[in-house]
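See structure below.
Readers should treat all values here as calculations from the given coordinates under stated rules, not as data from a laboratory. Please read all numbers here as calculations on a predicted model, not as lab measurements. We place every Cβ from the backbone using ideal geometry, glycine too, and count neighbours over all the protein chains shown.
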Amino acid sequence: TQLLEQSPQFLSIQEGENLTVYCNSSSVFSSLQWYRQEPGEGPVLLVTVVTGGEVKKLKRLTFQFGDARKDSSLHITAAQPGDTGLYLCAGKEGNMLTFGGGTRLMVKP
Amino acid sequence: NAGVTQTPKFQVLKTGQSMTLQCAQDMNHEYMSWYRQDPGMGLRLIHYSVGAGITDQGEVPNGYNVSRSTTEDFPLRLLSAAPSQTSVYFCASSKGLAGGANTGELFFGEGSRLTVL
């Protein structure tokens with residue numbers, strides 16, 4: 001099983017600030033997904049990246065897959081209180097999706 | 001719009017008791033899986049199934065059994081509950097996750113919170 005490490009584990013910022021969350025592994029994934037989870041609910045997919053070097057944008061969120069397909073980052077521009085939640089990366093290996101430990105983000109008004 | 005339905009939402013067990021967490025999906029997804037979520041550890045895969053009649057182990061299968069007799073249902077059984085199995089359990093399904101190159105989205109249920117005393 002491939003290990004996915006996310007950093008930071010916790011992040012508390014003010015509204016309007018920018019932030020980056022990292023997802024790193026020593027192994028290669030065929031694809032990588034980012035999910036967001038709110039309290040009392042299951043995770044919801046934000047994006048899937050497949051190709052090394054791929055960049056995808058979702059409004060103020062920018063996702064990048066590393067050239068070697070071992071790491072990924074999520075950058076949020078001008079964070080808003082609605083961005084508060086647990087962000088999880090997940091790498092695909094065969095028929096299994098392995099999740100990182102998550103980054104808990106709090107955006108204060 | 002049911003999606004993935006898990007029951008029960010909350011359960012308290014005593015050590016050694018058995019129980020089954022139910023999971024049903026109405027999206028005709030061939031892929032189903034069970035995860036447990038513990039603080040600071042993200043989601044860990046327990047078992048998964050790529051279709052009816054086929055199951056396989058994930059990262060943390062010990063203490064859990066599954067079966068997949070229909071496309072819709074994927075129950076998770078705890079045969080003899082232990083305090084270490086106290087966790088939040090999520091069932092998830094996907095249309096296109098199975099297969100090396102496929103990248104299907106996982107749809108999650110709302111979770112089942114289990115406490116073992």
If you go through the stretch A:95-109 one residue at a time, do you hit one that is assigned to a loop (DSSP other than H, G, I, E, B), away from chain B (no Cβ under 11 Å) and in contact (Cβ under 8 Å) with a residue 24 or more places away in the chain?
-> yes
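Determine whether B:Ser80 is in contact (Cβ under 8 Å) with a residue 60 or more places away in the chain and surrounded by fewer than 19 Cβ atoms within 10 Å (Cβ to Cβ). Give the derivation first.
Values: in contact (Cβ under 8 Å) with a residue 60 or more places away in the chain: yes; surrounded by fewer than 19 Cβ atoms within 10 Å (Cβ to Cβ): yes.
Yes.
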Pick from the stretch A:54-94 the residues that are closer than 16 Å to A:Phe10 by Cα and within 14 Å of chain B (Cβ to nearest Cβ): which of them is surrounded by the fewest Cβ atoms within 10 Å (Cβ to Cβ)?
-> A:Leu86
Residues of the stretch B:36-71 being under 20 Å from A:Pro43 (Cα atoms) and not hydrophobic (A, V, I, L, M, F, W, C), which ones?
-> B:Arg36, B:Gln37, B:Asp38, B:Pro39, B:Gly40, B:Gly42, B:Arg44, B:His47, B:Tyr48, B:Ser49, B:Gly58, B:Glu59
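Quick check on the stretch A:33-44: of everything there that is touching a Leu at 6+ places or on another chain (Cβ under 7 Å) and facing chain B (nearest Cβ under 10 Å), which residue is surrounded by the fewest Cβ atoms within 10 Å (Cβ to Cβ)?
A:Gln37
Counting just the residues of the stretch B:60-117 that are of a type in the set (Ser, Thr, Tyr) and in contact with a His (Cβ under 7 Å, 6 or more places away or on another chain), which one comes out nearest to the other protein chains (Cβ to nearest Cβ)? Break it down into steps so the answer makes sense when it comes.
Step one: of the stretch B:60-117, the residues of a type in the set (Ser, Thr, Tyr) are B:64, B:67, B:69-71, B:80, B:84, B:86-87, B:89, B:93-94, B:103, B:112, B:115.
Those left that are additionally in contact with a His (Cβ under 7 Å, 6 or more places away or on another chain): B:64, B:93-94.
Numbers: B:Tyr64: 15, B:Ser93: 11, B:Ser94: 8 Å.
Restricting to residues being of a type in the set (Ser, Thr, Tyr) and in contact with a His (Cβ under 7 Å, 6 or more places away or on another chain), the top hit is B:Ser94.
Of the residues A:Asp83, A:Asp71, only one is farther than 29 Å from A:Pro109 by Cβ, of a type outside the set (Gly, Ala, Ser) and touching a residue at least 24 places away in the same chain (Cβ under 8 Å); which? Walk me through it before giving the result.
Details: A:Asp83 fails: farther than 29 Å from A:Pro109 by Cβ.
Just one listed residue meets the conditions, A:Asp71.
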